[in-house]
Amino acid sequence: MSTQHVKVPQDRIGAVIGEGGETMREIERRAEVRLDIDSESGSVAIDTVGDPVRGMMAPDIVRAIGRGFTPESALSLLEHDLRRFDLIDLAAKTRNRNDLQRQKGRLIGENGRTRQLMEELSGAEVVIKGTTLGVIGQPEEVEAVRRAAGMILDGAPHGAVYSFLERKHNELHGVPDLSPEAEGSR
């Protein structure tokens, strides 16, 4: 039996445990693992007790809840083989605290609009918390969000990012590209 360790921010330990331990038991049951949560340090030990493939998803489920996803969203990682959790470290892509705050603001957008469009047009779930941007979705959805976030972090205007996301959305959903740029390629 292998043990994996995940560190969860103090303010999210309660979300991992859930009301009366409900979330913890649900993770244990569905991922076929045992969780040992140290609520003082935020350390979570994960032991696989059943299907090792399901058990491999448990650290990402705990990490995702720790990064602000709902337990339901995090547990959705078990529902499809390719569904995955990805984390973009914003601190590594910014110069200092002020730059981090500014970039987080650009990623979230006015009234959360940019984050919301990333979700709607990619099909992935997106959470921005602390110094990270978390994504849960199919590989192509996660990649679309990763590219869009990269564009924003590189200073691209929001309009260009929205256009990229709309093209990706149409690509993922089989809608033909009727833009003038695509005309020349036909």
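Read the figures in this text as sums done on the coordinates, not as results from a lab. Note that the coordinates shown come from a computational prediction; the quantities given were computed from them, not determined experimentally. Cβ: placed from backbone, ideal geometry, glycine included. Neighbour counts: every protein chain shown.
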(request) For the range 69-77, indicate whether the set of residues that are buried (at least 21 other Cβ atoms within 10 Å of the Cβ), among the polar types (S, T, N, Q) and touching a strand residue (DSSP E or B) at 6+ places or on another chain (Cβ under 9 Å) is non-empty. (result) no
(request) Would you check which residues across the range 1-43 are among the aliphatic types (A, V, I, L, M) and either within 16 Å of Pro71 (Cα to Cα) or in a helix (DSSP H, G or I) (or both) and list them? (result) Val6, Val8, Ile13, Ala15, Val16, Ile17, Met24, Ile27, Ala31, Val33, Leu35, Ile37
(message) Yes or no: the range 71-83 includes at least one residue that is touching a Leu at 6+ places or on another chain (Cβ under 9 Å) and touching a residue at least 12 places away in the same chain (Cβ under 8 Å).
(response) yes
(request) State all residues of the range 70-90 that are within 22 Å of Gly130 (Cα to Cα), among the aliphatic types (A, V, I, L, M) and touching a Pro at 6+ places or on another chain (Cβ under 8 Å); if no residue qualifies, say none. (result) none
(request) Please determine, by comparing only the residues of the range 108-126 that are aliphatic (A, V, I, L, M), surrounded by 21 or more Cβ atoms within 10 Å (Cβ to Cβ) and in contact (Cβ under 8 Å) with a residue 24 or more places away in the chain, which one is nearest to Met151 (Cα to Cα). (result) Met118
(request) Working carefully through the options Val53, Val49, find the one that is over 27 Å from Thr131 (Cβ atoms) and touching an Asp or Glu at 6+ places or on another chain (Cβ under 7 Å). (result) Val49
(message) Can you list residue pairs whose Cβ atoms sit under 8 Å apart, with the first residue in the range 17-36 being on the phi > 0 side of the Ramachandran plot and the second being surrounded by 15 or more Cβ atoms within 10 Å (Cβ to Cβ) and of a type in the set (A, V, I, L, M, F, W, C)? Count only pairs 6 or more apart in sequence or on different chains.
(response) Gly18/Met24
